[in-house]
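Take a look at the structure below.
Since every read-out is calculated from the coordinates, none of them should be taken as a lab result. This is a predicted model, so every value here is computed, not measured. Cβ placement follows ideal geometry from the backbone for every residue including glycine, while neighbour counts extend to all protein chains displayed.
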Amino acid sequence: MYSRQVSSEVRTGRLPRRPPARELGDRRRYLGALVALVLGTTAFAFQQTAVVPALPTIEGDLGAPTRLSAWLLTGYLVVAAVTAPLLGKLGDRHGKHRLILIALASFLVGSVGAALAPSIGWLIVFRSLQGLGGAVFPLSQSVVRDEFPEARVGTGMGWLTSAFGLGGALGLGLTGFLVEAFSWRSVFVSGAVLVVLAAVLVRLLVPPSPVRNQARLDMPGAALLGVGLALVLIPITEGERWGWTSPPTLGLGVAGALALVAWVRHELRAHEPLVDLRALGARPVLFANMTTFLLGYVLFGMLFLVPHLVESPGGSTGYGFGASALETGLFLLPNAVGQLLAGPVSGWVAERSSQKATLAGGLLLLAAGAGALALFHAEPLEVVIGTFLMGVGLGFAIGPGTTLVAEGVRRAETGVATALNSVTRRMGGAVGGQVAAALLAAFALGAGAPAESAFTLGFLVSAAVALAGVGCALAVPRGG
């Protein structure tokens with residue numbers, strides 16, 4: 001009876017805020033679903049960061065130049081950015097738990113293939129296939145929005161954010177050990193094991209979502225969005241190597257911008273668009289996505305700057321600690337631990353204050369951490385404190401940002417809305433990483449190593465960007 005009611009309300013656009021069973025507090029069921037979603041998010045986040053410390057070893061083992069190994073990051077990023085909104089829309093239509101399983105299955109194939117890859121070309125292919133797992137996190141957030149009792153949504157979002165931090169911590173902290181004890185292939189094997197466990201739990205514990213959108217899939221819109229994002233992301237990630245004013249960089253950037261303009265025009269005219277741009281243009285959603293973009297900039301800028309800082313040998317450069325790959329992961333570990341600890345607390349704080357206040361507070365902590373790294377990085381403990389503070393800020397900011405986006409659209413569109421929010425964070429991250437790289441290249445010493453002032457400026461820019469994010473968060477209308 002209830003399923004027929006929901007289907008009718010979906011078709012007419014009128015949806016209940018929560019399924020009645022959830023309002024009664026089916027505690028054991030939603031806790032089981034949360035465990036499954038947390039493990040799936042952890043598996044995805046582990047593989048997202050684990051490949052970074054292993055890149056030098058992969059290059060040496062497969063005889064790959066840096067320009068090719070960079071595609072282990074670029075290919076993954078592009079595929080994740082292109083497919084997350086499409087899988088989010090399919091999740092709105094066919095059920096989010098089903099699309100989570102499809103994303104995890106694709107992720108598993110990519111992990112196994114990467115572990116067995118005989119060459120850098122095949123490794124890039126399978127690593128790109130892993131990018132389909134980029135939809136796991138936003139789809140999991142949508143399940144929490146659809147399935148959990150109203151009072152538990154903030155806490156559920158917080159635990160997913162913590163899982164993201166935990167996976168990142170495992171990826172950064174364990175990769176050096178796995179590479180030294182076994183080989184870089186064991187990193188992908190470990191990821192495959194986590195994915196299998198997550199898929200089993202999702203299949204058993206996550207119920208089919210009653211919230212469905214029966215509209216037809218907008219394939220022209222999906223194609224234009226995918227092409228546009230890919231053409232914009234590729235020159236952003238390759239601009240330093242190609243040259244920022246080179247014909248390939250400018251040509252692809254212009255082509256990508258034109259494709260995105262065509263996508264916007266198509267979506268505004270389509271009877272059943274992939275994304276309701278008018279809803280996403282509403283002030284709460286717009287400013288939440290702007291904040292997420294700036295958050296991504298700060299996060300990936302930090303992940304680029306800190307390894308280069310700590311791996312510098314000191315001596316002639318006057319900074320750095322000569323850290324190994326394993327030690328570099330340990331320097332980044334406090335950031336992930338900060339996310340892990342702050343995630344559940346952010347949900348508790350948001351439930352007792354507001355999502356916008358928690359989001360603004362997280363960005364303020366990010367600004368403080370980046371500012372601390374700009375001024376104090378002469379001792380290892382100073383770097384650890386700065387990265388930990390930034391991790392706490394991320395833990396407070398990620399969940400509320402996504403929640404504000406989800407609350408600003410119809411429940412039948414939460415999948416694609418949260419997926420686009422994740423894409424926005426990746427876009428900001430691509431810009432942040434490349435700006436950081438450009439600063440290090442622009443302020444170089446005679447030997448080619450970056451000057452210390454490059455790191456100071458890079459962290460100060462990140463602090464300023466985070467403060468701009470505070471302003472965007474505070475611009476969300478009252479009640480967010």
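See the values below:
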| read-out | value |
| --- | --- |
| Normalised contact order of the range 17-216, rounded percent, pairs of Cα under 8 Å and 6 or more residues apart | 42 percent |
| The range 276-480, dipole about Cα centre (Lys/Arg Cβ +1, Asp/Glu Cβ -1), debye to the nearest 20 | 840 debye |
| Folded to 0 to 90 degrees: helix 283-311 orientation relative to the chain principal axis, Cα | 30 degrees |
| Degrees, to the nearest 10: 2-12 long Cα axis against longest axis of the chain | 80 degrees |
| Given 14 as the ceiling on other Cβ atoms within 10 Å, longest exposed-site-free region of the chain for trypsin sites (Lys or Arg not before Pro) in DSSP loops | 217-477 |
| Dipole magnitude (debye, nearest 20) for the range 17-216, charges at Cβ of Lys, Arg, Asp, Glu | 820 debye |
| Signed unit charges on C-beta, dipole axis of the chain, positive-most listed residue P307, T403, L389 | T403 |
| Farthest positive-ward along the range 17-216 dipole, Cα basis, beta-carbon charges - from V144, A117, S128 | V144 |
| Positive-end residue, the chain charge dipole about Cα centroid, Cβ charges, pick of L260, S246, G88 | G88 |
| Cα centre as origin, Lys/Arg/Asp/Glu Cβ charges: the chain dipole, Debye | 2000 debye |
| Between helix 96-116 and the chain: long-axis angle, C-alpha atoms, 0 to 90°, nearest 10 | 30 degrees |
